[in-house]
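Novice: First the structure, which I've put down as structure tokens, then a few questions once you've had a look.
The values are calculated or read from the model by the stated rules, or taken from the named source; none is laboratory data. These numbers come from a predicted model, not from an experiment. Neighbour counts run over all protein chains shown; Cβ positions are idealised from the backbone, glycine included. Surface accessibility is based on the protein's heavy atoms, side chains included, excluding ligands, DNA and RNA. Shrake-Rupley method; radii C 1.70, N 1.55, O 1.52, S 1.80 Å.
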Amino acid sequence: MADINRRRFLQIAGATAGTTALSNSIARAAAIPARRSTGSLKDVEHIVVLMQENRSFDHYFGTLRGVRGFGDPRPVTLPSGKPVWYQKDGTKDVLPYHPDAANLGMQFIAGLDHDWHGGHQAWNNGRYDQWIPAKGTGTMAHLTRQDIPFHYALADAFTVCDSYHCSLMGATDPNRYYMFSGWVGNDGSGGGPVVGNEEAGYSWTTYPERLEKAGISWKIYQDIGDGLDAAGKWGWIDDAYRGNYGDNSLLFFDQYRDAKPGDPLYDKARTGTDAKRGDGYFDRLRADVKAGTLPQISWIAAPEAFSEHPNWPANYGAWYVSQVLDALTANPDVWSRTALFITYDENDGYFDHAVPPFPPASAAQGRSTVDTALEHYPGSAGYAAGPYGLGQRVPMLVVSPWSTGGYVCSELFDHTSIIRFMERRFGVHEPNITPWRRAVCGDLTSAFDFSLENSKPAALPDTSGYRPPDHQRHGSYVPTPPAKPALPVQESGSRPTRPLRYVPLTDGTADPAGGRFTLTFSGGAATGACFLVTSPNRTDGPWTYTTEAGKTVSDTWNTAYSQGSYDLTVHGPNGFLRTFKGPGKKRTPEVTARHNAASGRVELSFTNPGPAPCTFTVANAYTGTRQTVRVDPGSTLTQAVDLGPSRRWYDLTATADADAGFLRRFAGHVETGAPGVSDPALRTG
């Protein structure tokens, strides 16, 4: 970079000529106790959001211990019959792989397709089998703890969310519009809907405007580059080490573009540090923290080189995040009242194995108890019709005095969940968030324990070596898959889990006379849920089902279209799975499952409608044991399964001697309101 040499960069970065001990700043962050006034959400007085760029959850955290990563014991099955990891390149399978390059966290790994078309092509109407045709083989590349130790150590010290999705299957700007406003102008007002990076100028109301009206303080922390106006390209400039990379997406709204000095929209969204004139990236943030004037809500936009957008090294971002933490902990009293959310706007083109929840486009694709009208893009000359999202999983780290301890939170979230956390804390409602998103996505409060008064410090790696050695752009490193693919394994060990509100169920009911089979879905009384149904003996799936809290929804399959039998598998939140197999026109036994929160057990009810006794056999995948249950004709018998040895996780398969084709499988986790432990069935090394 011509304007700033290496020595000047170190001055701007606020670093000494020696080392920047990350362990010191992170240990301070983890050691500062929460200022506990009420033991509730009200103790959070400052919310800070740092949204980085373009990494999927599996790409970063697929091998992290105790999360639903590459060791997932219950992945979705592709139409090919293979688990979701086996993506075809046209001739052979490509599995997730670790690129063969030294110091991978500092490599300039090539970026991939991440627009609307490519995202929807990979998703393929929920079949999820077109990743290689849409993205290339680079999509399956992933990193490990050895590559990005800072990111892994942050997860070990605080809380990582392993069911956090970007909001839209597509590019950066629309996902950031979800973060800043709750949608992309879905109703067509204000220049919407917007599903690409056109940046034409929009006018629907953003959340910061609602905060301003309500008297809640806010600010964008950024570098101004060559100016936050059209002449300065709104902070998006050729110099990757200055500006905001266009990641302050408020600047693509006319009300901010037209604002003048003295207008809050100008003063809070169009000002910042000026690295070109010698300011440090974090000068304003650190000064506000030290002075006790950090706004109630803040967003941070990094320069391009530190945004983690490929091809920029992941560990340039690690250095930047460490400096943000250092600034926020400069005043322990402020940090004791602060929650920091670190997430990523979208997945670039990187594979993630969890099929994102999506609303049904029609009755042929599923059902929903809540309106989904504003969740479907109608199509245009430049973009095909399709659901806006949810998009793929991306990392989310919740860093605060109330989220220490290395927890994983597995509630479903997306970028609108950040706004909903702000809603819960400060009472400013965002009407743009659709009913469907509110039904299926949480508000991030489950990632916190507001009863925490003290926390233990955690030593993390030093990031001083991650400072860029020069100010040049570099050619991309293009990884290639290994000749002998093998599924990666996760790190050994477990992780504490945050309690969730899910009490999901899916029941099956046969109609032998009509050759039909009906499934009924519910997420439980306290929260909504989204379920994905696949079938290996049909070609018209998959299907998606959404239930609001306390409601159920049902759908029926005609076995005349599936060789006279049904074979349906249901995937739901936090590893929930149900499988139903049986003949279409024959009366068979039935088994249902219910969670018992009081006992922490799962209760199975065995029904025998036949004229003769029926013996069920239940195989427990966690204990390796089998149990038989004899049920008299016309009777139902209920038995509880002790889940103590498997830490409230279960995976039970029931068969019956009355019919060789009958099978029911029940898997998931029983919530009791108490923290738990990650799934013992995760495949680890």
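Novice: So, in the stretch 271-302, exactly how many residues are surrounded by 18 or more Cβ atoms within 10 Å (Cβ to Cβ) and among the hydroxyl-bearing types (Ser, Thr, Tyr)?
Specialist: Of the residues in the stretch 271-302, 3 are surrounded by 18 or more Cβ atoms within 10 Å (Cβ to Cβ) and among the hydroxyl-bearing types (Ser, Thr, Tyr).
Novice: Shifting gears a bit: Could you please let me know if residue 594 is among the charged types (D, E, K, R), over 24 Å from residue 536 (Cβ atoms) and surrounded by fewer than 21 Cβ atoms within 10 Å (Cβ to Cβ)?
Specialist: Numbers: among the charged types (D, E, K, R): yes; over 24 Å from residue 536 (Cβ atoms): yes; surrounded by fewer than 21 Cβ atoms within 10 Å (Cβ to Cβ): yes.
Against the criterion (among the charged types (D, E, K, R), over 24 Å from residue 536 (Cβ atoms) and surrounded by fewer than 21 Cβ atoms within 10 Å (Cβ to Cβ)), residue 594 qualifies.
Novice: Looking for something on the phi > 0 side of the Ramachandran plot and assigned to a loop (DSSP other than H, G, I, E, B) - is there at least one such residue anywhere in the stretch 419-436? Spell out how you get there, then give the answer.
Specialist: The initial filter retains those residues of the stretch 419-436 that are on the phi > 0 side of the Ramachandran plot, namely 427.
Retained after the next criterion (residues that are assigned to a loop (DSSP other than H, G, I, E, B)): 427.
Yes: the stretch 419-436 contains one or more residues that are on the phi > 0 side of the Ramachandran plot and assigned to a loop (DSSP other than H, G, I, E, B).
Novice: What do you reckon, is residue 672 among the hydroxyl-bearing types (Ser, Thr, Tyr) and touching a helix residue (DSSP H, G or I) at 6+ places or on another chain (Cβ under 8 Å)?
Specialist: Details: among the hydroxyl-bearing types (Ser, Thr, Tyr): yes; touching a helix residue (DSSP H, G or I) at 6+ places or on another chain (Cβ under 8 Å): no.
Against the criterion (among the hydroxyl-bearing types (Ser, Thr, Tyr) and touching a helix residue (DSSP H, G or I) at 6+ places or on another chain (Cβ under 8 Å)), residue 672 does not qualify.
Novice: Go through the stretch 147-170 and count every residue that is of a type outside the set (Asp, Glu), in a loop (DSSP other than H, G, I, E, B) and open to solvent by 10 Å² or more (accessible area, probe 1.4 Å). Don't jump to the end; show me each part of the working.
Specialist: Here is the first cut: in the stretch 147-170, the residues of a type outside the set (Asp, Glu) are 148-155, 157-161, 163-170.
Retained after the next criterion (residues that are in a loop (DSSP other than H, G, I, E, B)): 148, 158, 163, 166-170.
Now narrow it down to the ones that are open to solvent by 10 Å² or more (accessible area, probe 1.4 Å): 163.
Final tally of qualifying residues: 1.
Novice: Kindly establish whether residue 588 is open to solvent by less than 50 Å² (accessible area, probe 1.4 Å), of a type in the set (Val, Ile, Thr) and touching a Gly at 6+ places or on another chain (Cβ under 6 Å). Let's see the steps before the verdict.
Specialist: Details: open to solvent by less than 50 Å² (accessible area, probe 1.4 Å): yes; of a type in the set (Val, Ile, Thr): yes; touching a Gly at 6+ places or on another chain (Cβ under 6 Å): yes.
Answer is yes for this residue.
Novice: Only residues that are among the acidic types (Asp, Glu) and over 15 Å from residue 300 (Cα atoms): list them for the stretch 246-266, please. Give the derivation first.
Specialist: Let us first name the residues in the stretch 246-266 that are among the acidic types (Asp, Glu), namely 247, 254, 258, 263.
254, 258, 263 - these are the residues of the stretch 246-266 that are among the acidic types (Asp, Glu) and over 15 Å from residue 300 (Cα atoms).
Novice: Do we find that residue 174 is farther than 30 Å from residue 450 by Cβ and part of a helix (DSSP H, G or I) in this structure? Even if it seems obvious, please write down each step before you answer.
Specialist: Numbers: farther than 30 Å from residue 450 by Cβ: yes; part of a helix (DSSP H, G or I): yes.
When the stated conditions are applied, residue 174 passes them.
Novice: Just to verify a result, which residue in the stretch 1-55, among those that are modelled with pLDDT of 95 or more and in a helix (DSSP H, G or I), is nearest to residue 162 (Cα to Cα)?
Specialist: Here the residue is 41.
Novice: Go through the residues of the stretch 250-270 one by one and say whether even a single one is open to solvent by less than 10 Å² (accessible area, probe 1.4 Å) and hydroxyl-bearing (Ser, Thr, Tyr). Don't jump to the end; show me each part of the working.
Specialist: Step one: list which residues in the stretch 250-270 are open to solvent by less than 10 Å² (accessible area, probe 1.4 Å), which gives 250-253, 256, 259, 269.
From what's left, hydroxyl-bearing (Ser, Thr, Tyr): 256.
Within the stretch 250-270 (the criterion being open to solvent by less than 10 Å² (accessible area, probe 1.4 Å) and hydroxyl-bearing (Ser, Thr, Tyr)), the answer is yes, since at least one residue qualifies.
Novice: Being of a type in the set (A, V, I, L, M, F, W, C) and part of a loop (DSSP other than H, G, I, E, B) is the filter here; which residues of the stretch 607-660 pass it?
Specialist: Initial filter on the stretch 607-660 (of a type in the set (A, V, I, L, M, F, W, C)): 612, 614, 616, 618-619, 621, 629, 631, 637, 640-641, 643, 649, 652, 654, 656, 658, 660.
If the condition is that a residue be of a type in the set (A, V, I, L, M, F, W, C) and part of a loop (DSSP other than H, G, I, E, B), then 612, 621, 643, 658 are the ones that fit.
Novice: Does any residue of the stretch 327-344 turn out to be among the aromatic types (Phe, Trp, Tyr), modelled with pLDDT of 95 or more and under 22 Å from residue 198 (Cα atoms)?
Specialist: So in the stretch 327-344, the residues among the aromatic types (Phe, Trp, Tyr) come out as 335, 341, 344.
Okay, now just the ones that are also modelled with pLDDT of 95 or more, so 335, 341, 344.
Applying the additional criterion that residues be under 22 Å from residue 198 (Cα atoms) yields 344.
Yes - at least one qualifying residue is present in the stretch 327-344.
Novice: Give the number of residues within the stretch 246-267 that are in a loop (DSSP other than H, G, I, E, B) and basic (Lys, Arg). Quick ask: steps written out before the conclusion?
Specialist: Filtering the stretch 246-267 for residues in a loop (DSSP other than H, G, I, E, B) gives 246-248, 258-263.
Imposing the further condition that a residue be basic (Lys, Arg) reduces the set to 260.
Number of matching residues: 1.
Novice: How many residues, within the stretch 240-275, are of a type outside the set (A, V, I, L, M) and in contact with a Pro (Cβ under 8 Å, 6 or more places away or on another chain)?
Specialist: 7
Novice: With the requirement that a residue be in contact with a Leu (Cβ under 9 Å, 6 or more places away or on another chain) and either β-branched (Val, Ile, Thr) or without any contact (Cβ under 8 Å) to a residue 24 or more places away in the chain (or both), what does the stretch 152-173 give you?
Specialist: Initial filter on the stretch 152-173 (in contact with a Leu (Cβ under 9 Å, 6 or more places away or on another chain)): 152-169.
159, 160 - these are the residues of the stretch 152-173 that are in contact with a Leu (Cβ under 9 Å, 6 or more places away or on another chain) and either β-branched (Val, Ile, Thr) or without any contact (Cβ under 8 Å) to a residue 24 or more places away in the chain (or both).
Novice: State all residues of the stretch 618-646 that are open to solvent by 20 Å² or more (accessible area, probe 1.4 Å) and in contact (Cβ under 8 Å) with a residue 40 or more places away in the chain; if no residue qualifies, say none.
Specialist: Let us first name the residues in the stretch 618-646 that are open to solvent by 20 Å² or more (accessible area, probe 1.4 Å), namely 619-628, 630, 632-642, 644-645.
Matches in the stretch 618-646: 621, 622, 640, 641, 642, 644.
Novice: Of the numbered conditions (1) open to solvent by 60 Å² or more (accessible area, probe 1.4 Å); (2) in contact with a strand residue (DSSP E or B) (Cβ under 8 Å, 6 or more places away or on another chain); (3) aliphatic (A, V, I, L, M), residue 660 fails exactly one; give the number of that condition.
Specialist: The one condition residue 660 does not meet is (2).
Per-residue answers, yes or no, for (1) touching a strand residue (DSSP E or B) at 6+ places or on another chain (Cβ under 6 Å); (2) open to solvent by 30 Å² or more (accessible area, probe 1.4 Å); (3) modelled with pLDDT of 95 or more:
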| position | (1), (2), (3) |
| --- | --- |
| 424 | no, yes, yes |
| 427 | no, yes, yes |
| 432 | no, no, yes |
| 437 | no, no, yes |
| 441 | yes, no, yes |
| 452 | no, yes, no |
| 456 | no, yes, no |
| 461 | no, yes, no |
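Novice: Quick one: which residue in 681, 667 is among the small types (Gly, Ala, Ser), within 21 Å of residue 570 (Cα to Cα) and open to solvent by less than 20 Å² (accessible area, probe 1.4 Å)?
Specialist: Values: 681 fails: open to solvent by less than 20 Å² (accessible area, probe 1.4 Å).
Checking each option against the conditions leaves just 667.
Novice: If residue 622 satisfies all but one of (1) in contact with a helix residue (DSSP H, G or I) (Cβ under 6 Å, 6 or more places away or on another chain); (2) farther than 30 Å from residue 409 by Cα, what's the number of the condition it fails?
Specialist: (2)
Novice: Specify the residue that is nearest to residue 527 (Cα to Cα); the eligible residues are those in the stretch 478-507 that are out of contact with any strand residue (DSSP E or B) (no Cβ under 7 Å at 6 or more places or on another chain) and basic (Lys, Arg).
Specialist: 501
Novice: Would you pick out the residues in the stretch 82-110 that are of a type in the set (Gly, Ala, Ser) and under 19 Å from residue 123 (Cβ atoms)?
Specialist: 90
Novice: In addition: Six or more apart or on different chains, Cβ atoms under 6 Å: show the pairs whose first residue is in the stretch 192-214 and surrounded by 20 or more Cβ atoms within 10 Å (Cβ to Cβ) and whose second is among the acidic types (Asp, Glu) and part of a loop (DSSP other than H, G, I, E, B).
Specialist: 207/430
Novice: Separate question: Just need a number here: residues in the stretch 172-191 that are open to solvent by 10 Å² or more (accessible area, probe 1.4 Å) and not hydroxyl-bearing (Ser, Thr, Tyr).
Specialist: Selection size over the stretch 172-191: 6.
Novice: Being more than 21 Å from residue 64 (Cβ to Cβ) and touching a Gly at 6+ places or on another chain (Cβ under 8 Å) is the filter here; which residues of the stretch 474-497 pass it?
Specialist: Passing the criteria: 476, 478.
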